[in-house]
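Every read-out reported here was derived from the displayed coordinates using simple, explicitly stated rules and does not represent laboratory data. Note that this is a predicted model, so its numbers are computed, not measured. No Cβ is skipped: glycine too gets one built from the backbone with ideal geometry, and neighbour counts run over all protein chains shown.
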Amino acid sequence: MARRDKSETPVDDLAEKAAKAEHARLEAEIAAHDRRYYQEDAPTVSDAEYDRLRQRYNAIEARFPQLRTLESLTQRVGAAPSARFAKVRHAVPMLSLDNAFAEEDVVDFVGRIRRFLRLAEDDEIAFSAEPKIDGLSMSLRYEDGALVTGATRGDGSEGEDVTVNVKTLKDIPHRLKGKNVPAVCEVRGEIYMTKHAFLALNKRQAESGGQIFANPRNSAAGSLRQKDPSITASRPLGFFAYAWGEMSQMPADSQSGMIKWFEQCGFKTNPLTKICRSVEALLKFHRAIEAQRASLDYDIDGVVYKVDRLDWQDRLGFVSRSPRWAIAHKFPAEKATTVIKDIEIQVGRTGALTPVAKLEPVTVGGVVVQNATLHNQDFIKGIGGNGEQLREGRDIRKGDTVIIQRAGDVIPQVVDVLLEKRSKKSEAYRFPTKCPCPLHTDVVREQTATGEEGARARCTGEFACPYQKIEHLKLFVSRRAFDIDGFGEKQIEFFFEEGWVKEPADIFELPKRNAQIKLEEQEGYGETSVRNLFAAIEQRRDIALDRFIFSLGIRHVGETTALALARGYGSWQAFHDACLKVAKGDEETIAEMDALDQIGETVIEAIKAYFGESHNRGIVERLTKQVKILDAEKPRANSQVAGKTVVFTGTLEKMTRDEAKASAERLGAKVSGSVSKKTDYVVAGPGAGSKLAEAKKLGVAVLTEDEWAKLIR
Ligand code: IVH
């Protein structure tokens, strides 16, 4: 069982009103984690913590069934697909598996099947027992033996079309082997990355300043969901077939028969798969696979038991969104004991101070671990309360013997401190009040959205703090920003220490200044590599607006937000003007920015702070002199409403406010929250009040929802 967060009321003690609020809160939190996990490949919590949230959510629904709606997470599988790929509707939904954690859960599972099929105690049930691969599930559709579509699971009903990418995997045949294959075959299974390939990939990514993945599963997902299939091709991905979707004809009548057939067709299937004929055999299989877990070169998070006979599978059917005929028997998180040699404070790009435990190296689940995150000062003091997993009543000190846990993630967590091993002389850890950067600025605690003191501490030096400067430079050259070939984290550190690159604009001055620097005389450089580096720098002087905005390192402005801003403003000039006005507190510009899709108060506050700082404005000004920022593609600039400013007010009956906003923006209109002389149209639904009155006063065109629909058609 996952631990309860100390600040949470047990579900059994929740009154209905509190349960309703908690259910809504968890739903939003889980949805945000799903988005980060499925669409951004960048989860921020461990699997164990995620499972804990889901279990609490399920427990609330079990106690208060009236809270369950069609929208409930219990009624959905996975997260909605990301918008980058075309959507594919699965002919047969891709469902999920129910979980068993304890041995009793397996006994219950088999008992349920026996009762459902009205089998006697001594009737044998054969199960196909298989490792549960921790990758991402994939549906491959073959028509007349040829691969036509490869789709991710997405939300179970609709996934993403990644056909061109899956075709680069050597484990995925483009054509099914054998004669007389059924006209339609959907082969399903798991795409995974081996542990050693994952570690090597992260090493390369770190060197080139690329994205670092949290675990092999995320790196497999990130590698597959690339716009450029040659990137997928360069990543070593494997595939195990274990299930199917639509089949025009069944080539076997058992799960094990289907697995054999997959092999004949040219697929790899998992070699550890085994037939088990009793609960004892299933549990023995679970123990045996768990014992091998660390030595396998791919991550698994449990085993799956499936009723082997397909006619029984058909009779058993599904409950909600999982089959009654299968269950995933999960493994507990992998743990190890080690000693904290030191506690280091790392300063991130935005000045956030993160304490990191430097560990006596130890192997957990086949991976050597030397660091563990300690999150923040409250976690170290043992007063976390925000979901981290340290055992109650523990604080963390230098020299402590601790238990660390790796739950699907490579960054492990400290979960317990062995107090009996603590030295009598040990002292409580004192979190620094000054930043470790040479400025030694005061450390402040961040404020939460509600104005309370947050757990995170920050250096107040901003870009004057060398750590923040260097972290910003690393982001600047990274693949997601300027993506300068041959300019990764290592090079930034070197150029920064030498004093050649102190801010982004300096990078573009390098070729000119090389007469003094003489880079070709530095170790690791020669004439050719210097020429290549400078050519790569020159090549990046033209930059897309969204990348440019992202590369500025404004807090809370990630790639998605940068894209939304770029689309909203179209040109650097327009965006920059708006930022300067926002920094001065210009209400109209703030309302305009706020009205953009995906932009809210947090981003606006961050833009205000960034452009309110003269040092930052200088950095931006010097940089813009070096580069040419390309306008964002204005979607459908030829539409009737392109370039117009629209305000929606009152109740819209045909679409939601968000939909209206998104469709207007897609057509190149700017949606604003307030009416001014610059407004071109006010679309007013029933109940419109002051904005409608203002529009009439200013003589702005007022449209009904239908008139608006006609205009944009
Ligand atoms: S069977 C109807 N077998 O686990 C269920 N799934 O939690 C079909 N998985 O979405 C799935 N190894 O991504 C099955 N041997 C295995 C598996 C497996 C990993 C994943 C799969 C699925 C998830 C369900």
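Once you list every other residue whose beta carbon is under 12 Å from the beta carbon of V164, what net charge do they have if Lys and Arg are +1 and Asp and Glu are -1?
After counting each charged neighbour, the total is 0.
In the structure displayed, which of K195/K358; K227/K274; K20/K654; K335/K398 lie more than 27 Å apart, Cα to Cα?
Cα-Cα > 27 Å for K227/K274; K20/K654; rest within.
Taking the square root of 5 times each eigenvalue of the Cα gyration tensor, what semi-axes in Å does the equivalent ellipsoid of region 201-252 have, largest first?
The answer is 32, 12, 9 Å, longest axis first.
According to the Cα gyration tensor, what semi-axes, each the square root of 5 times an eigenvalue, does the equivalent ellipsoid of region 178-266 have, listed from largest to smallest in whole Å?
Working from the Cα gyration tensor, I get semi-axes of 34, 13, 10 Å.
Can you find, among T168, I275, Q468, the residue farthest towards the positive end of the dipole of the chain? Put +1 on the C-beta of Lys and Arg, -1 on that of Asp and Glu.
Value computed over the given set: T168.
On average, how much area does the Cα convex hull of region 467-624 cover when viewed from any direction, in nm²?
Working: hull surface 36.2 nm².
Mean shadow area of the hull around the Cα atoms is 9.1 nm².
Hey, if you put +1 on the Cβ of every Lys and Arg and -1 on every Asp and Glu Cβ in the chain, which of L199, F534, I231 ends up farthest toward the positive end of that dipole?
F534
Using all Cα-Cα distances in region 634-713, what percent lands in each 10 angstrom bin from 0 up to the longest?
20, 57, 22, 1
In region 582-689, what trypsin sites (Lys or Arg not before Pro) fall in a loop by DSSP, with at most 12 other Cβ atoms inside 10 Å?
For trypsin sites (Lys or Arg not before Pro) across region 582-689 that sit outside H, G, I, E and B with at most 12 neighbouring Cβ atoms in 10 Å, the list reads K584, K625, K654, K677.
What ranking do 526-532, 171-177, 575-581 get when scored by the average of other Cβ atoms within 10 Å per residue, highest first?
So the order, starting with the most tightly packed, is 575-581, 171-177, 526-532.
May I ask you to give the average projected area over all directions of the convex hull of the Cα atoms of region 431-558, in nm² rounded to one decimal?
For region 431-558, the mean projected area of the Cα convex hull comes to 9.5 nm².
Could you tell me the distance between the Cα centroids of region 482-503 and region 673-713, to the nearest Å?
About 51 Å separates the Cα centre of region 482-503 from the one of region 673-713.
Which whole-Hz ³J(HN,Hα) couplings does region 228-240 yield from phi under the Karplus relation 6.51 cos²θ - 1.76 cosθ + 1.60, θ = phi - 60°, glycine and proline marked x?
9, x, 5, 5, 4, 4, 7, 9, x, 10, x, 9, 10
Do any GluC sites (Glu not before Pro) in region 109-158 lie in a DSSP loop with no more than 10 other beta carbon atoms within 10 Å, and if so, which?
Of the GluC sites (Glu not before Pro), the ones in loops of region 109-158 whose Cβ has at most 10 other Cβ atoms within 10 Å are E121, E124.
Beta carbons within 10 angstrom, averaged per residue: use that to sort the peptides 133-140, 249-256, 144-151, highest first.
By packing density, highest mean first, the sequence is 133-140, 144-151, 249-256.
Once Rh is set to the Kirkwood radius over Cα pairs, what Stokes-Einstein translational diffusion coefficient, in µm²/s, holds for region 158-206 at a temperature of 10 °C and a viscosity of 1.306 mPa s? The partial results should precede the final answer.
Numbers: Rh = 13.9 Å.
The estimated diffusion coefficient comes to 114 µm²/s.
Based only on the alpha carbon positions, what is the Kirkwood hydrodynamic radius of region 232-313, in angstrom? Present the calculation step by step, with values, prior to reporting the outcome.
On the way: mean 1/r = 0.0681 Å⁻¹.
Value: 14.7 Å, from the Cα pair sum.
Which residue, chosen from A252, A595, A15, occupies the Cα position most advanced towards the positive end of the dipole of the chain, where the dipole is computed from +1 (Lys, Arg) and -1 (Asp, Glu) charges on Cβ about the Cα centre?
The Cα lying farthest towards the positive end belongs to A595.
Whose amide H sits under 5 Å from the amide H of H329, counting only residues 5 or more places off or on another chain, with H placed in the peptide plane?
Long-range HN contacts for H329: A100, V303, V304, Y305.
Measure nothing but the geometry: give the 0 to 90° angle between the long axis through the Cα atoms of 527-539 and the longest principal axis through the Cα atoms of the chain, rounded to 10°.
The angle comes out at about 80 degrees.
So what's the gap between the Cα centers of region 551-591 and region 249-269, to the nearest angstrom?
Value for the Cα centre distance between the two parts: 55 Å.
How charged is the neighbourhood of R114? Take every other residue with its Cβ under 10 Å from the Cβ of R114, and add Lys/Arg as +1 and Asp/Glu as -1. Mind showing how you got there, number by number?
Numbers: positive: R112, R115, R118; negative: E121, D123.
Local charge sum for R114: +1.
Sum -39500 (n - 2.57) across every DSSP H segment of at least 4 residues in the chain, then divide by the residue count to get the 222 nm mean residue ellipticity, nearest 500.
Only helices count here, giving -10500 deg cm²/dmol.
How far is the Cα center of region 332-371 from the Cα center of region 648-667, in Å?
48
Is the C-alpha gyration tensor of region 89-232 telling us rounded, prolate or oblate? Criteria: a/c under 1.5 is rounded; beyond that, a/b larger than b/c is prolate, otherwise oblate.
Values: a/c = 2.53, a/b = 1.44, b/c = 1.76.
Oblate, since a/c reaches 1.5 and b/c is not below a/b.
About the Cα centre, and with charges only on the beta carbon of Lys, Arg (+1) and Asp, Glu (-1), how big is the dipole of region 228-381? Nearest 20 debye, please.
The calculated dipole for region 228-381 is roughly 300 debye.
Determine the sum of side-chain charges near R617: Lys and Arg each +1, Asp and Glu each -1, restricted to other residues whose C-beta is under 14 angstrom from that of R617. Intermediate results must be reported in sequence, preceding the final value.
Working: positive: K581, K584, K608, R622, K625; negative: E462, E503, D577, E613, E621.
Here the count lands on 0.
Using the alpha-carbon atoms, what tilt in degrees (0 to 90, nearest 10) does helix 657-666 show relative to the longest principal axis of the chain?
Rounded to the nearest ten degrees, it is 70.
Sort all Cα-Cα distances of the chain into consecutive 10 angstrom bins from zero, then give the percent of pairs in each bin up to the one containing the longest distance.
3, 12, 19, 24, 21, 14, 6, 1, 0
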